[in-house]
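Visitor: Below are the structure tokens for one structure; questions will follow.
The values are calculated or read from the model by the stated rules, or taken from the named source; none is laboratory data. What you see is a predicted model; the values in this text were computed from it and never measured. Using ideal geometry, Cβ is built from the backbone for each residue, glycine included, and neighbour counts are taken over all protein chains shown.
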Amino acid sequence: MPAITLFTKEASFYLESPAMALPNLRIDNGHTQRFFEEETPNRYKIAARDVADLLVQGQESRVVLYYGEENTAISTKEFTIHLHETLVLPIEEQPIYFYISLDQKLRFMWQQVPSARAYYLSSQAEFLSNIDESSHLKITIETKHLALNGITLFLTNRQTKEKISFHLPVDQTVETGPATFSNTFFVDFDETFFMQPFVQQLDPHGYQLVIFDFSVRLSSTVFPLTKRVFRLPAANKTEIEHSLSFNHETMGFFRFYPTINGNFSARFTLLPYDAGNHYLDYAARPLADTLQAKPIILIFEYPHKAQDNGLAFFRYLMTKQDTFDTYYVIEKNAPDIDNLKPYLDRIIF
């Protein structure tokens, strides 16, 4: 496809089409037209003042670019469009944007910023390593027509909907194809520091979780973008878990994992220190040892209950079979523990 490059110079917008002439290049608001000036062969310009004259004062307004005799729109379906530098010029302190719309056509607009969805292709988050209880994450975002200079990374508490945000500058941008870009970001995530406020909120005996969903908002030097937030998919299906030490009584466990929809999330929980160590010892056992041991069945109803089908099934397994090692999971101070008194050695708090 023929290439078009957009840029600004002084108080004018420029469009350069080296491989193809664009006769009668103009903007149109449905009632009035303004024509570009062909400054040099296949290099066209229009003053920001002329664009503003076709935009409606005081409200969101757009004009479309056409060329030729048949009102042919300039679209990414027919052209590879490169956006360089800044494509914003102010008229009386009101910025005008030269942009690609959601329907992939060239337009001018003011009183609204271009949609991030018009430039976003895909993204993924990947766990790289964990050193000294700090995780190193890589985020890759594929965009079209423009490169990114940064992102805002959001961690949203799934239960409370509260957001924690980090601004990340771009580490590397590679043009992977005609007007397509791979933008790479890295973040060091200190789980011990980040999770410290939740240590006081979680009961280590209560099997409580804090779940965080990862998403991003895009930014570019070409022009500001809408505040659309994009959920981050996971780069692979691997779950990564590591332990965190807070004190001599509790141990934290932080796990990165893909959701059922393939998105990148993390969950954090606390365990009593002895239970955490027991879990780590079991997780470190060679696979052959775990395969030789009896299969384990864990049964629970609600964290504080032992009175329904779960209790009946537990009693059945404890008295009618010897194939499985059976344990009941319940909160340490639950009133229903009395129902489990004959099996106290098979209770997990």
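Visitor: Residues to consider are GLU126, GLU142; find the one that is within 25 Å of THR76 (Cα to Cα), of a type in the set (Asp, Glu) and either outside the structural domain of LEU87 (by TED's automatic domain parsing) or part of a strand (DSSP E or B) (or both).
Guide: GLU142
Visitor: I'm checking my understanding of the structure. Among residues of the range 38-52 that are within 13 Å of ILE96 (Cα to Cα) and under 39 Å from the mean Cα position of the chain (by Cα), which one is surrounded by the most Cβ atoms within 10 Å (Cβ to Cβ)?
Guide: Top of the filtered list is VAL51.
Visitor: Any residue in the range 277-289 that's among the small types (Gly, Ala, Ser): show its pairings with residues that are modelled with pLDDT of 75 or more at Cβ separation under 9 Å, as long as the two are six or more apart or on different chains.
Guide: From the range 277-289, the pairs are ALA283/GLU241.
Visitor: Hey, ALA116 hits all of (1) over 24 Å from ILE4 (Cβ atoms); (2) surrounded by 15 or more Cβ atoms within 10 Å (Cβ to Cβ); (3) among the small types (Gly, Ala, Ser) but one; which does it fall short on?
Guide: So the condition that ALA116 fails would be (1).
Visitor: Among what's in the range 145-176 and is of a type in the set (A, V, I, L, M) and in a strand (DSSP E or B), pick the residue that is farthest from PHE230 (Cα to Cα).
Guide: By that ranking, first place goes to VAL174.
Visitor: For the range 40-62, how many residues are part of a strand (DSSP E or B) and either over 19 Å from THR226 (Cβ atoms) or not assigned by TED's automatic domain parsing to the domain that holds ASP28 (or both)?
Guide: Number of matching residues: 6.
Visitor: Looking at (1) assigned to a helix (DSSP H, G or I); (2) loosely packed, with under 11 Cβ neighbours inside 10 Å; (3) not aromatic (Phe, Trp, Tyr), which is the one condition that is false for HIS278?
Guide: (2)
Visitor: Count, please, the residues in the range 9-32 that happen to be surrounded by fewer than 12 Cβ atoms within 10 Å (Cβ to Cβ) and at positive phi.
Guide: 2
Visitor: Taking the conditions exactly as written (within 17 Å of THR8 (Cα to Cα) and touching a residue at least 60 places away in the same chain (Cβ under 8 Å)), does TYR119 satisfy them or not?
Guide: When the stated conditions are applied, TYR119 does not pass them.
Visitor: What tally of residues in the range 212-250 results from selecting those that are out of contact with any Asp or Glu (no Cβ under 9 Å at 6 or more places or on another chain), under 20 Å from PHE198 (Cβ atoms) and not in a loop (DSSP other than H, G, I, E, B)?
Guide: Final tally of qualifying residues: 7.
Visitor: Based on what the data block shows, is ASP322 farther than 25 Å from PRO272 by Cβ, exposed (fewer than 10 other Cβ atoms within 10 Å of the Cβ) and free of Cβ contacts under 8 Å to residues at least 24 places away in the same chain?
Guide: yes
Visitor: Counting only residues that are aromatic (Phe, Trp, Tyr) and touching a residue at least 60 places away in the same chain (Cβ under 8 Å), which one in the range 198-227 is surrounded by the fewest Cβ atoms within 10 Å (Cβ to Cβ)?
Guide: PHE198
Visitor: Then there's this: Out of (1) surrounded by fewer than 17 Cβ atoms within 10 Å (Cβ to Cβ); (2) in a loop (DSSP other than H, G, I, E, B); (3) not acidic (Asp, Glu), the odd one out for LEU121 is which?
Guide: Here LEU121 clears every test but (2).
Visitor: Do you know which of the residues in the range 92-102 that are of a type outside the set (Ser, Thr, Tyr) and under 19 Å from ARG26 (Cβ atoms) is surrounded by the most Cβ atoms within 10 Å (Cβ to Cβ)?
Guide: PHE98
Visitor: Please specify each residue of the range 245-257 satisfying the condition of being surrounded by 14 or more Cβ atoms within 10 Å (Cβ to Cβ) and closer than 16 Å to GLN201 by Cα.
Guide: PHE246, THR250, MET251, GLY252, PHE253, PHE254
Visitor: For PHE35, which of the numbered conditions (1) within 39 Å of the chain's Cα centre (by Cα); (2) surrounded by fewer than 17 Cβ atoms within 10 Å (Cβ to Cβ); (3) modelled with pLDDT of 95 or more fails to hold?
Guide: Here PHE35 meets the rest and fails (1).
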